[in-house]
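Everything below concerns the one structure shown next.
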Amino acid sequence: LNGSLNIAADGAIKTISGDALRLRVNGSPLTAALTGEMIGTEVTLKNFTAEGLGGKAQGSGALSLSEGKRFTQEVSAAGLNVEELKKTFAPALPVTMTGTLQKFDGRFGGGFTPDFKSSLAGSMSLSVVDGELKEVSLIADVMEALATLPFLGGNTSTKADDSGTSSPNSTQIKSLTGNFNLASARANTKNLQLVSDLFTLDGSGSIGLD
């Protein structure tokens, strides 16, 4: 971490601010700025901004250091490289999707307890463009299912994209959008939509946070 943090106290109020902070997270360079204050056991992050990974994120939040240690957070981001985002903040996980996080907005809260994931509640929306789902060929799965229908008589086929821009075992993403609600350690959506060159897929369901 390079840069300076300014800490001041005025009676019971402690303030902290930092501008042009430079840091590296798993090798990725980021710049950040923040302002916040602390009164007793209540911490308020008035504003936080970060730039890097091709885009920008900003947010605000609050944290209570009293019993239960509850927090709330608002975050928005735009223009982030999905693959670089994963490599920076979850390097142990495989790269399953590429593209650009065109827009993300989230509001959520929870408690720093042993059951942290179950305490999370809130909502978020996202939009990913110009990417790829790796090792998932949705069109091949659909065509395979259609081939089992007796009235088609097996007259179905799939053709790999030979343009070199995508793998035949992957799914091209023109856009992926959805709104999610967080509750009971699950992210639930009713309007997930994936648009590819060959099809549009609408879906609903839930994803476990564990």
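Just the accessible area per residue of the range 39-132, please: how many Å² with a 1.4 Å probe?
Working: 5240 Å² over 94 residues.
Counting only protein heavy atoms, the per-residue value for the range 39-132 is 56 Å².
Dividing the convex hull volume of the alpha-carbon atoms in the range 1-145 by its residue count gives 138 Å³ per residue. Our summary gives the chain a relative contact order of 12 percent, counting only alpha carbon pairs under 8 angstrom and 6 or more residues apart. What the Cβ-Cβ distance of residue 9 and residue 197 gives, at R0 = 41 Å and to the nearest 0.05, is a FRET efficiency of 0.10. Both radii are taken from the alpha-carbon atoms of the range 1-50; with Rh as the Kirkwood radius, Rg/Rh is 1.06.
Per residue, the convex hull around the alpha carbon atoms of the range 39-109 comes to 103 Å³. Ranking 122, 41, 192 by how far each Cα lies toward the positive end of the dipole of the chain (charges on Cβ) leaves 41 at the top.
Suppose every Lys and Arg Cβ carries +1 and every Asp and Glu Cβ carries -1, with no other charges. What dipole size does the chain come out with about its Cα centre, to the nearest 20 debye? Spell out each step's value before the answer.
Working: 17 positive and 21 negative charges, 87 e Å.
In total the dipole reaches around 420 debye.
The accessible surface of the chain, taken with every protein chain in place and a 1.4 Å probe, is 56 percent carbon and sulfur. Here the simple spin-label model places points 7 Å from the Cα toward Cβ, and for residue 130 and residue 16 these points are separated by 3.7 nm.
The values are calculated or read from the model by the stated rules, or taken from the named source; none is laboratory data. As the structure is a prediction and not an experimental result, all values here were calculated from the model. A quick note on method: Cβ atoms are made from the backbone with ideal geometry, for glycine too, and the neighbour counts reach across all protein chains shown. Remember, those area values only see protein heavy atoms, side chains included, never the ligands or the DNA or RNA. Shrake-Rupley method; radii C 1.70, N 1.55, O 1.52, S 1.80 Å.
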